[in-house]
Each structure stands twice: as C-alpha cells, then as structure tokens.
Amino acid sequence: MIKNLILADQTEWEILNENTRRQILGYDDQIMMVKVEFDAGAIGYIHQHEHRQTTYVVSGIFEFTVGDQTSIVKQGDALYMQPNVPHGVKCIEKGILIDTFTPARQDFIQK
C-alpha cells in the first residue's frame, strides 16, 4: 500500500544485522527512500544493482567505495551510484544515511 504521509515513529525498522537497521520511508514503483542507521564499524559490503541510487549523509562519518574511488564522507555530503556500479560502505562514526533508489527496490519490500 502506498502511503502519502510516513511518520518515522510509526514506521517499523528492519534489523539487517547487529550493527545496521533500515526504515523504508516511502515508495512507489518508480522511487524509494530509505533511512539506514549504522553503528561504528558496520559494513555495507560491496554490491551492485540495476537501480540508480543517491545517498545523503544525515550524520556520522563513512568510508564509501563507488567503482574504483574510495572517499570519506560526513554530515551534509552526498553520493550518486550509477546502475550496476559496485559500491559499499564502512561506518567510521555512528550515523544515518538516506538512500533514494529509482526504480524502487522491490527486494526491500516485505510482503
């Protein structure tokens, strides 16, 4: 069901592992926004997918690898991942990322 208003305190978190969780903030077939919370040391292993992805750093410090480039990013920084480009992240200081995907990540949607 598509919601027009998503309240964070009324939206469930999905536990990905002991150091990472995500909250789907809104989506339709074409776009999806996801909040991901990382503890220091958490790793988002190198992966790739067909979706375009933008990521905004709300808080924390992260080491991102996108393709063959690795950079340290912090609050206020953003990234763009082209389709099928390998990328991954390591959390250096606990923080939150906002990921936006197009089209929506159907594999994230719990049925």
* **Long-range HN-HN contacts of residue 31 with modeled amide H, under 5 Å** => 104
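Does region 66-111 come out rounded, prolate or oblate by the C-alpha gyration tensor, with a ≥ b ≥ c the root eigenvalues, rounded set by a/c under 1.5 and, if not, prolate when a/b is larger than b/c and oblate if not?
On the way: a/c = 2.10, a/b = 1.38, b/c = 1.52.
Note, shape of region 66-111 comes out oblate.
Computing the accessible area with a 1.4 Å probe over protein heavy atoms, can you report the carbon and sulfur percentage for the chain? Write down the numbers at each step before the final one.
Numbers: 3510 of 6950 Å².
On the chain, the fraction of accessible area on carbon and sulfur atoms equals 51 percent.
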* To do: Starting from the Cα of residue 49, step 7 Å along the direction of its Cβ; do the same at residue 78; then give the gap between the two resulting points in nm.
  => 1.9 nm
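What whole-number value in Å² describes the accessible area per residue of the chain for a 1.4 Å probe?
It amounts to 63 Å² per residue over the chain.
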* Structure fact -> Within the set 61, 72, 43, GNM on the chain using Cα springs under 10 Å gives the largest fluctuation to 72
* Name all residues of region 66-106 having a backbone nitrogen under 14 Å from the label point set 7 Å from the Cα of residue 13 along its Cα→Cβ direction, giving them as ranges. => 94-97
* Structure fact -> Expected sort for 32-39, 50-57, 4-11 on mean C-beta neighbours within 10 Å, highest first, is 32-39, 50-57, 4-11
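Based on the Cβ-Cβ distance of residue 69 and residue 30, what FRET efficiency does E = 1/(1 + (r/R0)^6) give at R0 = 25 Å, to the nearest 0.05?
0.35
The values are calculated or read from the model by the stated rules, or taken from the named source; none is laboratory data. What you are looking at is a predicted structure, and each value in this text was computed from that prediction instead of being measured. No Cβ is skipped: glycine too gets one built from the backbone with ideal geometry, and neighbour counts run over all protein chains shown. Accessible surface is based on the protein model in full, side chains and every heavy atom, while ligands, DNA and RNA are left aside. Shrake-Rupley method; radii C 1.70, N 1.55, O 1.52, S 1.80 Å.
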